Structure formats: structure tokens, C-alpha cells
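Have a look at the structure below, then the notes.
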Amino acid sequence: MKAGVLLIALLSAGDALAYGFMLKHDYTSCAQCHLDPSGGSVLTPYGRAQGELILRTRYAERPDDDPFPKAGWLFGLLSMAPEDLMLGGDVRLAVSAPGLARVRAFPMQADVVAGARSGKFSASVSVGVGSQATAAASLAGDEVRVISRHHWVGYAVDEDQTVLVRFGRLALPFGLRVPEHALWAREATRTDTNTSQQHGLAVSVSTELVRLEVMGILGNLQLTPAPYRERGYSAFVELSPKPWLAFGVSSALTHAAWEQGRPGFGLFRHAHGAFARVSPVRAVMVSAEADLLHVSREKLGGGFGTTGFLQLDVEPLQGLHLIATGEWLRATGQTADGLSLGGWGGVQWFFAPHADLRVDVFVRREPDGAPTTSLLGQVHFFL
């Protein structure tokens, strides 16, 4: 049962184009390739070109080949569209084997995203189809839902887009933005890119040396009733003293009048931690994060916890990634014996323009002590 729940979380993947391993190619700032300055979601024309040149396996193509029209929206179908109009999308198909037993094949994601920039103004929106697992992002529907993971408008203070102010439903700025949003570090801090986005006002700064973003959280306005909505802040700052090294700290504090499942009881949540990315050689990327958690429940007390992960990404051939991840979780309020451990082993291959394959095996000891082992395979097409 627990393996099935985990797979549902994994298979409702959201904006999964925030690849920290781009640090291997000396990209310390996400704003160079993404409209969202903290990474993920719609790509700029420059980001699309770099994805075609350095993300996928190139086979017999020459390094100086023109990346367009392959890199464009639907392989250049809208090549005449204005450069400041950015379109994208994600379609995912999956095969899962919870407990390495029964096998299921099904579609799991269908999102379309759009972005635009005009002078100092910018905006982005995503619309897709989801299920109960994406209820927090729902706009309408029940079993089959119309969802929007993000929608925002922004204003750049300077011509270079170094300082950007945004308002809307945004991914929370915290820790490492990774495609494996079901990692305990993303779930326990509620900062995944699947459905944990919140409405609020954010200010970001993006330079080669510093990335930072601070967000005032007004709550998820797509969540009802209103007392369940969390309000507070989330922020991170990352320094890149070398092109191959980046490290930073994160902090978040939120309060909800009602805790999910406990109407009438208020909840304060803290998460504070540190993270780092380093690429000692071009083919290797190491990422790490550690976070301290604290929960305080009205009339019920609270407790401390910790979570984090260490990930190794080796790229022996351009576009082919061998990924190993270890993670831990001590949920808030658990005893010293309540340490949960997990391990992921996977292969991801960007085998063609706009397409990649990924296979993962993961083993976990859940917070209640139950072991889970599962296999997940997915093919991803981004438009």
C-alpha cells in the first residue's frame, strides 16, 4: 500500500525541467534558461537552444550545428512566433511496479505552459489535467481535474532582469529545486514543484555570483476552506564563488489556522537548512541538502525533525545520466529510533530532441518501519 502511495506521488510529476546538473556546464543561474528565475517551467529561446546542444545525446551531429528548429516549440512548428512568446508542455507516460510485483502502465502528466516577456514585464501560466493526487492545484473537476501549478505576473526592476518582482501562484524558494519532487526533503518541507506552490509576492536576484529569492506567502488560494491556507515566508540565498561550486541556505515559516485533517487546530511549521552543488569534473555532479524541521500544533504540542539527501549524477556520455541518491527523514516528534532511510538508483537518457527516458529503483524504510521497494519507468516528452 505504501509503495502505491509513493508511486502516485512520483507519477504526478510537475515542472521537471529544473536540472541542477547544469552547473557542470557552468550555468550557475537558472534565469539564463528559464523564465522563472529559480528554475523549472517554461524555457526561454536560449534555454531551448542549450537544451538541444548540451542536454541530449548528439550522435553524429556537429557541435556547431544550428539547434533550431529542433529546439523550438513542437520542433519549430511555431517558428514565426515572437521570440518573447514562450510556449512549452510536458507529457509523461509511466510503467510502475510497486513491490516489484504487479505492473501498471498509464499516462501521468499532460501540462501546457506559456510565458511572455515585454520590456520589463513578464508572465507565465500552466494548465493541465490531473487527478486526486494534484488536488492542491485544482481549478475544476473531481476525479479528472483541470489544474494550474503556477500562474504569475512579474516586473523586472532593471533592464537585465537581475531583480524580478513576481505575484501569483509560485514554486516556493527553498533548497534544491530537483525533478525528484517525492524526495523526503521536498515532501517534509512542502516545497516540491508538483502541487506545493503557494500564492504570494516574491522578489528574486539572479547574478553569476548570487541567486536569492524571498517570498511572502498568502496561501494556496486554490485550496478550500480558507483556514487550511498557510501564510508566512520562504526564502533561499545561494553563492557561486566558482563556476563549478554553489552553496546556500534556506528558511521557511508558515502558519495555518487549521491543520489538514484537524480542523480547529492551528499549525506552525518551520524548515531551515543548507544545500550545495559541486561539479569536481565535467562528468560528475554532487548535490546535497540538510534541513531542520519543527512543527508546533495548537493544543497538541510539537517536535523537531530532520531530513536531507545526497545525490551523485555521473554523465559518462552526453545525455546519459547514472543517478544514485541516499536520503533520510526523522519526522517531527519521532523518537531516536524513528529514523527513516531511503535509496534511489536510476538511469536517465535524453535520447532525442524533446524526449527522455528514466528508470528508477527505490528502496525505503518508512517512518513506521515498513520497507518498500518499487520500480518506476517513465518516458517524458516536452513540447
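Points to keep in mind about this one:
- Residue check, Gly305 free of Cβ contacts under 8 Å to residues at least 40 places away in the same chain and either open to solvent by 30 Å² or more (accessible area, probe 1.4 Å) or not acidic (Asp, Glu) (or both): no
- Taking the criterion of being outside any strand (DSSP E or B), in contact with a Leu (Cβ under 9 Å, 6 or more places away or on another chain) and touching a residue at least 40 places away in the same chain (Cβ under 8 Å), the only residue of the range 264-282 that qualifies is Ser279.
- The range 367-383 residues that are farther than 30 Å from Phe75 by Cα, paired with ones that are part of a strand (DSSP E or B) and open to solvent by 50 Å² or more (accessible area, probe 1.4 Å) (beta carbon under 7 Å, 6 or more apart): Pro371/Arg365; Thr373/Val363; Leu375/Val361
- When Gln348, Gln311, Gln318 are screened for being over 30 Å from Phe265 (Cβ atoms), of a type in the set (S, T, N, Q) and touching a His at 6+ places or on another chain (Cβ under 9 Å), only Gln348 passes.
- Yes/no for Gly338 being open to solvent by less than 40 Å² (accessible area, probe 1.4 Å), at pLDDT below 95 and not in a strand (DSSP E or B): yes
- Search result, residues across the range 347-364 that are assigned to a strand (DSSP E or B), out of contact with any Gly (no Cβ under 7 Å at 6 or more places or on another chain) and either crowded, with 19+ Cβ neighbours inside 10 Å or at pLDDT below 85 (or both): Gln348, Asp356
- Of the residues making up the range 51-67, those that are within 18 Å of Phe381 (Cα to Cα), without any contact (Cβ under 8 Å) to a residue 24 or more places away in the chain and in contact with a helix residue (DSSP H, G or I) (Cβ under 8 Å, 6 or more places away or on another chain) number 1.
- Restricting Ala274, Ala252, Ala283 to residues that are within 30 Å of Gly319 (Cβ to Cβ) and either surrounded by fewer than 16 Cβ atoms within 10 Å (Cβ to Cβ) or modelled with pLDDT of 90 or more (or both) narrows the list to Ala283.
- Check on Gly326, free of Cβ contacts under 8 Å to residues at least 24 places away in the same chain, open to solvent by 10 Å² or more (accessible area, probe 1.4 Å) and within 26 Å of Asp90 (Cβ to Cβ): no
- Positions within the range 193-204 being open to solvent by 20 Å² or more (accessible area, probe 1.4 Å), touching a residue at least 60 places away in the same chain (Cβ under 8 Å) and within 21 Å of Gln161 (Cβ to Cβ), in sequence order: none
- The range 194-229 - residue that is touching a Leu at 6+ places or on another chain (Cβ under 8 Å) and part of a loop (DSSP other than H, G, I, E, B) and, of those, farthest from Asp90 (Cα to Cα): Leu209
- With respect to (1) aromatic (Phe, Trp, Tyr); (2) under 25 Å from Pro371 (Cα atoms); (3) at pLDDT 95 or above; (4) surrounded by fewer than 20 Cβ atoms within 10 Å (Cβ to Cβ), the lone exception for Phe247 is condition (2).
The values are calculated or read from the model by the stated rules, or taken from the named source; none is laboratory data. Fair warning: this is a prediction, and the values are worked out from it, not measured in the lab. FYI the Cβ positions are ideal-geometry reconstructions off the backbone, even for glycines, and counts take in every protein chain you see. SASA here: full protein model, heavy atoms, side chains in, ligands and nucleic acids out. Shrake-Rupley method; radii C 1.70, N 1.55, O 1.52, S 1.80 Å.
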